[in-house]
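First up is the structure itself, then whatever we jot down about it.
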Amino acid sequence: MKQHMILSEYKRKRRFGATPEPRGEVHASKGNLLFVVQKHKARRLHYDFRLELGGVLKSWAVPKGPSLDPAEKRLAMHVEDHPLEYAVFEGQIPKGNYGAGSVIVWDAGTYHPSKTPSKKDEDTLKKQYEAGRMKFFLNGKKLKGFFSLFRIASREGDGKDTWLLVKSDDAFASSEDILSKNTSVLSSKRL
Ligand code: MN
């Protein structure tokens with residue numbers, strides 16, 4: 001993708017000044033790759049699952065939210081890349097703006113293709129992302145352990161593919177209702 005195209009959809013959808021969301025830029029990775037899950041009470045409640053890759057946050061809207069139960073396959077709709085600054089965004093998107101509603105940072109941490117981070121992680125994850133088949137270890141406050149994220153259907157042109165997010169069957173798998181934990185990991189906000 002051409003440099004000026006990066007984040008262009010993100011910027012096109014928003015009127016900065018009318019929304020408190022960050023304008024954002026593309027950054028080089030600082031080493032530890034971030035993941036963040038935002039709980040977003042918009043017209044419909046959903047969770048935004050984001051992975052740092054290539055200096056932006058690759059993003060999926062997960063209507064039912066992540067689960068720790070490997071039997072639960074959660075639909076994840078691929079949406080536009082978000083700037084890294086978005087990882088700490090929470091608050092109110094005012095009425096009349098794209099995604100109007102409340103946002104909290106429901107979970108955040110780092111992610112790696114294997115349990116032990118390595119310098120090749122970003123390359124490995126880029127290949128997995130392009131192939132539409134990712135597997136990674138989440139090191140968050142609420143979400144831990146291996147998860148897979150894979151594309152099940154492609155849509156021509158707009159990149160809005162359908163993926164599934166599924167917990168791997170490891171020591172962190174559980175039937176606990178993780179979504180009942182509804183406090184931000186950055187503040188005391190609840191949503
Ligand atoms: Mn959202």
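Any read-out appearing in this document is the output of simple, stated calculations on the displayed coordinates, not a laboratory observation. A quick note: this is a predicted structure, and the numbers were derived from the prediction, not measured. Here the Cβ positions follow ideal geometry from the backbone for every residue, glycine too, while neighbour counts run over all protein chains shown.
When the helices of the chain are scored as -39500 (n - 2.57) per DSSP H run of n ≥ 4 and the total is divided over every residue, the value at 222 nm lands at -2500 deg cm²/dmol.
The dipole here belongs to the chain: it is taken about the Cα centre, uses +1 on the Cβ of Lys and Arg and -1 on the Cβ of Asp and Glu, and is about 400 debye. Note on the chain: with a GNM built from Cα contacts shorter than 10 Å, the maximum mean-square fluctuation among SER102, SER67, SER180 falls on SER180. For the pair SER168 and ALA42, a Förster radius of 25 Å applied to the C-beta separation gives a FRET efficiency near 0.30, rounded to the nearest 0.05.
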